[in-house]
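Novice: Let me give you the structure first, and then I'll get to my questions.
Read the figures in this text as sums done on the coordinates, not as results from a lab. Just so it is clear, the model here is predicted, and its values are computed rather than measured. Cβ coordinates were reconstructed from backbone atoms using ideal geometry, including for glycine residues, and neighbour counts include every protein chain displayed.
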Ligand SMILES: Cc1cc2nc3c(=O)[nH]c(=O)nc-3n(C[C@H](O)[C@H](O)[C@H](O)COP(=O)(O)OP(=O)(O)OC[C@H]3O[C@@H](n4cnc5c(N)ncnc54)[C@H](O)[C@@H]3O)c2cc1C
């Protein structure tokens, strides 16, 4: 009897599930709808040779499961810390640059302390970290300078949701991770997301005999007696053996389409990235912005990538207007870092709008489906559970789905959970 795991979706969650299944000799095959794997975490390779990621992705050294995955695929050393001496933060209103530490421990040094941080602010941050009730982040911190210099940028970076709405409990999880010794270092891919994450994962799977098949959209699940018996793909149908299993590592709207009636989150937040083609610096540099539309920029040898998270206000503006506005704002900061950049001389640019970059992570209980809705089918994806929807939660969800199925045997499908899955210690 075959015991193959069919994984639908070749994003981080699907690749993580496949790596977990194959770690102890299991058989896996990944079906990906797009021409390349990676999902929301990928490098764009247009014919004109201007290669860049869809959007900058950062990891923290606290993201232990992702770092483990990087070690498994031999890519840990490809993720580097661009700013070991604290993150340069440029204030667009005062045109001043200072440095800020991401680990709360580093705030003991005045040179790494966020602007305006006072003892009462620390008390509010502690309240946020340990509050039993979920509330919007801004309602706990209040209208204080620290909101502008630390809390809002951190909230949109981690939760891609404005602090006026964002879940304090999800942010608290991230802060608890950052406070761990050694957890507050920011990492970026040395060369790019595909080269430093997706391709090594696919190569590791290939070495283990697993395939990742692009251009294979799942149109429909064929089911019988609460089990999946077949996958109707774009141009063929794969029938499952009696011991086969399925993991849907898909965004919530695809899960809802394939399994109508399952409760899933329906609100999303966009992220907009602008990539400027200019000679940058030999080693990647990273800079944060306050008081501007741009929130941060990653400087690579061939281009500068600028991120606007929770970008509702501008995502429908013309790409050319947004690129011009952001370039004028960031040019002085880039000059401060030693780059040749003039506000009047805008380089070639590309705008990438990810309209459903993540679910909206507001302070409310989001609809959650059962993780094992059919006897031989489990769900994975960054949006499951109550952690920030990031690479780390996608990795954990993939591992968790594989482990659920391994232990499910002939179990009946699970009933929906009344509360969102708490995955802080799970998976
Ligand atoms: C611009 C941007 C910046 C981000 N920045 C960060 C960051 O700094 N740090 C961080 O940790 N996270 C960041 N994230 C979030 C991170 O990218 C996601 O959390 C993670 O990639 C989600 O992985 P996933 O596998 O759950 O979902 P996805 O990446 O969405 O993967 C789902 C896959 O399923 C495929 N698919 C869909 N429908 C079908 C179908 N019917 N059949 C077959 N395949 C299908 C899709 O093509 C896709 O490849 C960012 C996201 C974006 C968009």
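Novice: Hey, could you get me the Stokes-Einstein D for the stretch 104-181, Kirkwood radius over alpha-carbon pairs, 37 °C and 0.692 mPa s, rounded to whole µm² s⁻¹?
Specialist: 263 µm²/s
Novice: What residues of the stretch 72-108 lie in the reach of a label at residue 126, counting those whose backbone N is under 19 Å from a point 7 Å from the Cα along Cα→Cβ?
Specialist: Those under the cut-off are 103-108.
Novice: Most mobile of 315, 238, 274 per a Gaussian network model of the chain (Cα springs, under 10 Å)?
Specialist: In this elastic network of the chain, the residue with the biggest mean-square fluctuation among 315, 238, 274 is 238.
Novice: At a 10 Å Cβ-Cβ cut-off, how would you order 344, 53, 68, fewest neighbours first?
Specialist: Ranked by crowding around the Cβ, least crowded first: 344, 68, 53.
Novice: At what distance in nm do the modelled label points of residue 68 and residue 325 sit from each other, each positioned 7 Å from its Cα along Cα→Cβ?
Specialist: 4.3 nm
Novice: Can you put 130, 286, 50 in order, fewest other beta carbons within 10 Å first?
Specialist: 130, 50, 286
Novice: Under the Kirkwood approximation for Rh and a Cα-based Rg, what ratio Rg/Rh is obtained for the chain?
Specialist: Answer for the chain: 0.97.
Novice: Here's something else I'd like to know. Sum -39500 (n - 2.57) across every DSSP H segment of at least 4 residues in the chain, then divide by the residue count to get the 222 nm mean residue ellipticity, nearest 500.
Specialist: -8000 deg cm²/dmol
Novice: Treating the angle as unsigned and between 0 and 90°, give the value, to the nearest 10°, between the Cα long axis of helix 319-336 and the longest Cα principal axis of the chain.
Specialist: The helix 319-336 is inclined about 50 degrees to the chain.
Novice: Say R0 is 30 Å: what FRET efficiency, to the nearest 0.05, do residue 224 and residue 356 get from their beta-carbon distance?
Specialist: It comes to 0.40.
Novice: Quick check: the distance between the Cα centres of the stretch 50-67 and the stretch 351-376, to the nearest angstrom?
Specialist: Measuring centre to centre over Cα atoms gives 20 Å.
Novice: Still on this structure, I have one more. Using a Förster radius of 22 Å, what is the FRET efficiency between residue 206 and residue 239 based on their Cβ-Cβ separation? Nearest 0.05, please.
Specialist: So, using R0 = 22 Å, E works out to roughly 0.35.
Novice: Which part of the stretch 14-52 falls in the paramagnetic zone of residue 257, meaning amide N under 15 Å from the point 7 Å along Cα-to-beta-carbon?
Specialist: Answer for the stretch 14-52: 32-35.
Novice: Counting other C-beta atoms within 10 Å, which of 303, 98 has the fewest, and how do the rest follow?
Specialist: With the sparsest Cβ surroundings first, the list reads 98, 303.
Novice: Further, regarding this structure: Please work out how much length the chain gains when fully extended from residue 345 to residue 45, using 0.36 nm per residue of separation minus the C-alpha to C-alpha distance, in nm with one decimal.
Specialist: Gain on extension, residue 345 to residue 45, equals 105.5 nm.
Novice: For residue 364 and residue 176, what does the FRET efficiency come to when R0 = 22 Å and r is the distance between their Cβ atoms, rounded to the nearest 0.05?
Specialist: Calculated transfer efficiency: 0.60.
Novice: Right, here's the next one. With a point put 7 Å past each Cα toward its Cβ, work out how far residue 313 is from residue 336 in nm, to one decimal.
Specialist: 2.0 nm
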